[in-house]
Amino acid sequence: MRLNRSFAFDVLMTSPYPRLLSPLKIAGLTLANRVVMGAMHTAIDIMDRPYERIHAFYRARAEGGVAMIISGGVSPNMEGRFDEHSSSMLGAASDRGWHRAIVNSVRDTPTLMCLQLLHAGRYAKLADCVAPSSIKSRISRHTPRALRTEEIWRTVDDYARSAEIAQELGYHSVEIMGSEGYLINEFSAPVTNNRCDEFGGSFEGRTRFPLEIITAVRRRVGKDFPIIYRISALDLVEGGMAGAETLEFARLIEQAGADVINIGVGWHESTVPTIAHVVPRAGWAFAARRIREVVSVPVMASNRINDPQVAENMLVTGDADLVAMARPLLADPEFVRKAMAGEPQRINTCIACNQACLDGYFTKRGVSCLVNPRACREIEFVAKPPGSNKRIAVVGGGAAGMNFAFNAAERGHAVTLFEASKVLGGQLLMARAIPGKTEFDEMLRYFSQRIEDTGVTVRLDQAPAAEQLVAEGYDEVVIATGVRPRQLHIPGIDHPKVLDYVDVLSRNRNVGQRVAVIGAGGIGFDMVEYLLDGVSHVPPKITDFATEYSLDLSLSSPGGLVGAAIREVPKRHVTLLQRKPGALGTSLGVSTGWILRDKLIRFGVATIGGASYERIDDEGLHILVDGVPRLICADTVIVCAGQESVNGLVSKLRSIAPNIPVHVIGGADVAGELDARRAIDQATRLALEV
C-alpha cells in the first residue's frame, strides 16, 4: 500500500515547484516542504567559538526555508567516535552545550532539527575501533576489534538512550546512519560480517543489529517522534548486500518502526564516485525509486541533487518523496526561499567540486564552500554599511574580480568592473571547457546574475591603463588581473608543436594524436581529461556513467556492481610528465584526485615522474629520467607547468597615484594552482572590509 501523497490544490496551482514545496506529515510532525538538509561533517566543533558558529550556520539555513536539518553525525557511545576529539551522546565526550546551540538555531522557525546517530565502526581513527568482524578497511590505519555479542546488545541500548536524550534536548527527530560503510552497514554487508552468532551469517543475522536498534529507539521515544533510517541502497563494494536483500531489508526497516527511509549510496572505500561532478545530477534516483516501490513510508533521495527543477522532477516521477541536500545548502542557504520565489537563476549552485567542503575537512583546513566562502564562517562574514560610499574600479573579471565587485556593490559602493576580453569569467571559462565540468556554467551564471542585480558597471573589452584609472577619479582600485601560463626555458620551447593550456582550452589550437603534457598538477590532469574526451559542455548521463563504472542499474547484483570498471580506448596517445620524482597527482584534491588518477590508468595514459626536460624538436620531447635519455614522440607538447601573476598595473598605479589605495586579489596576488577557493574567499573578505 502506498503512502497518500495528496497536497493542496492551491499549492499545485501557484507554486513554481508544487511537489517540492508542498508539506509532508511524518509521524507527529509536518514538514513545511520536501527539502531536507542532509548531514555533513563541518569541523566547526574544533574551531574557535564553536557554539556561535554552529548556531549561525544552521540558523542561516533555517531562515532560508529548509524544512528539516539533519545534524552532523554524533556517536551513540565513546567507542563509535571518529577520533579522540569527537563527541558522543554518552560518556565523557558528551557536549550538551553543543546540542543546545544546534537546537536553538531553529527556534521560532518552521524548520525541524534532526540528530544523526553515527557509529564510525572500522572507519574510526582510533586504535581501539570496533566492527562486526576484525576486518581492516583499505582506507583505515587500524584493524578493528570484533565486538562481543554482549557489547552489541549494549550498543543497541546506547542508540536507544542517545535517541531519548536527543528528544529531551529538543531535537525533533533522529536519523540512524546505516549507510556509507559505517558500523551498521558493516553488519548488513557480507564482506565485513563473518560472525557466527545471532548478528552474522544469514541475511536475518546480518540485519538483526539495525532492526534491533530501530525497535529499541522506537520504544524509548514513542510513536510521534520521527525515526529516519539511512539505508545503503547500493554498497558499491564487492561483497556488498545484494539487490533483493536490500529491498527486503527496506521492508523490514519500515516494519521495525522507521518513519522515513533515506537513501545512501556507496562506501567511503568504493572505487565508484558518488558525489563528485562526474556523477550525473540525480544520478542515484534509480536506487531511490527501487526502495520506494517496496515501502509505504516516505523515501528520501540524496546525492547530486543541486537544482530545484531536478528535485521537482524526481518527486513528480515517483523517484522519492523528499530530497536531501547537503553541499547545495552550503553553497546557498537561501536555496529554498529562492525556489519559492520562482528565482532559480539566483541560486548559488553547488558545482560538486569538493574543494572547500570535503577536501577542507580531510586536510583539516576547515569546511567551507568554494562558491560561498561564508559557509561555516557566518560569524566572520558580516556585511555592514560602509562608512562612506566609494567609487571603486576592479580590473579583471574572473572569479576574484566578479566576487569583489558584486559584494562591494551590495554594500553600497559604486563599482566599475573592467575586463580585457569580450566576456566575464577569466580562468573559469577554461575550467568549464573540461569535459564533465558543466557545473561551472552554473557558477558563471550565478556570478553574472549577482553582477546584474547589484548594479555593477561592466566595461568589457577594456584593459585600462593606470593613467586612465587615475583620470576617472576612482577612490580605490582592486587589481584582479589573474595569471598567465609560466614560461619554461627549454631548448625548442618556441617550436610550432608547443602549446600552453590557454592555447588549447581558450584558443582552440589543433592538437595532434600523440601528446606530451608537461606538468602534473590540477591543470595537467584537467588537460589530460580534455585530450581523452574532448567533448565539453555536455552533462554526464547515468547510462554512460553506469557503463564506465560497471554499475548494475537493476540493483540485482551484490554491491550493485557487475565487474571492474571498463578500460577505455583512448582518443589520443597521451604522456603526462612532471619534474618531481614519484607518483603523479599527489597534490590533487583528497576526495576527487583518485577519480582522475584512476582515469589515467583506465585510458592507458603514460606517466613519468622525475623528468628533466632537455629539448623539443621535430621528433618530440627529449628528457632525462635518472640520467637516462628518453624520447617522447609527440605531435604536440602542451605546457601546464604553473602560472605567473599578471599585476604590472600595481606598481604603475602606486607610483603615479600613491594616495589611491590599491588592493591585489586572486591570481594577481598569488599565482599558485588555479585556486578559485582562495581567490573567492579573499575577494569576498576584502569587499566586506572596504
Inter-site label distance for residue 651 and residue 384 at 7 Å from Cα along Cβ, in nm: 3.7 nm
The answer for the net charge of residues other than residue 630 whose Cβ lies under 13 angstrom from its Cβ, with Lys and Arg +1 and Asp and Glu -1, is -2
Measure of size requested: the Rg and Dmax of the range 172-320, with Cα atoms as the atom set and Å as the unit; please supply both. 15.1, 48
Counting only other residues whose beta carbon sits under 10 Å from that of residue 512, what net charge do I get with K and R as +1, D and E as -1? +2
If R0 is 25 Å, what FRET efficiency do you get for residue 341 and residue 452 from their C-beta distance, rounded to 0.05? 0.95
Which aspartates and glutamates, if any, have their Cα less than 12 Å from the Cα of residue 580, not counting same-chain residues under 8 positions apart? 626
Overall form of the range 179-232 per C-alpha gyration tensor (a/c, 1.5; a/b vs b/c): oblate
Compute the Cα gyration tensor for the range 61-182, then decide on rounded, prolate or oblate, letting a ≥ b ≥ c be the square roots of its eigenvalues: rounded whenever a/c is under 1.5, prolate when a/b is larger than b/c in the other cases, and oblate in all that remain. prolate
Rg/Rh (Cα only; Kirkwood hydrodynamic radius) as it applies to the range 9-362: 0.94
Please compare each pair in 338/422; 338/390; 437/497; 541/571; 497/571 to a cut-off of 24 Å on the Cα-Cα distance and tell me which ones are over it. 338/422; 338/390; 437/497
Between the range 400-428 and the range 74-89, how far is it from one alpha carbon centroid to the other, in angstrom? 45 Å
Counting only DSSP beta bridges with both residues in the range 9-362, what percent are antiparallel, rounded to the nearest 5? 10 percent
Calculate one ³J(HN,Hα) per residue across the range 347-354 by plugging θ = phi - 60° into the Karplus curve 6.51 cos²θ - 1.76 cosθ + 1.60, and present them in order as whole Hz with x for glycine and proline. 7, 7, 6, 5, 9, 6, 7, 6
So for 556, 87, fewest C-beta neighbours within 10 Å to most, what's the order? 556, 87
If you wrap a convex hull around the Cα atoms of the chain, how much volume per residue is inside, in Å³? 164 Å³
List 594, 284, 267 from most exposed to least, where exposure is judged by having the fewest other Cβ atoms within 10 Å. 594, 284, 267
Across the Cα atoms of the range 312-360, what radius of gyration and what greatest pairwise Cα-Cα distance (Dmax) are found, in Å? 12.5, 36
Choose one of 423, 58, 257: the residue whose Cα lies farthest towards the positive end of the charge dipole of the chain (beta-carbon charges +1 Lys, Arg; -1 Asp, Glu; about the Cα centre). 58
Dipole magnitude (debye, nearest 20) for the chain, charges at Cβ of Lys, Arg, Asp, Glu: 240 debye
Taking the Cβ of residue 391 as the center, what net charge do the other residues with Cβ under 9 Å away carry, scoring Lys and Arg +1 and Asp and Glu -1? -2
Can you say what percent of the DSSP beta bridges in the chain, counting only those with both residues inside, are antiparallel? Round to 5. 20 percent
Could you size up the charge dipole of the range 9-362 around its Cα centre, putting +1 on the beta carbon of Lys and Arg and -1 on that of Asp and Glu, and report it in debye to the nearest 20? 260 debye
Counting each pair of different Cα atoms once, what's the Kirkwood radius of the range 476-515 in Å, rounded to one decimal? 12.6 Å
Label-point gap, in nm, between residue 468 and residue 630 - each point 7 angstrom along Cα→Cβ: 4.8 nm
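None of the figures in this text is laboratory data; all of them are computed from the coordinates on show. The model shown is predicted, which means the values in this text are computed figures rather than measured ones. FYI the Cβ positions are ideal-geometry reconstructions off the backbone, even for glycines, and counts take in every protein chain you see.
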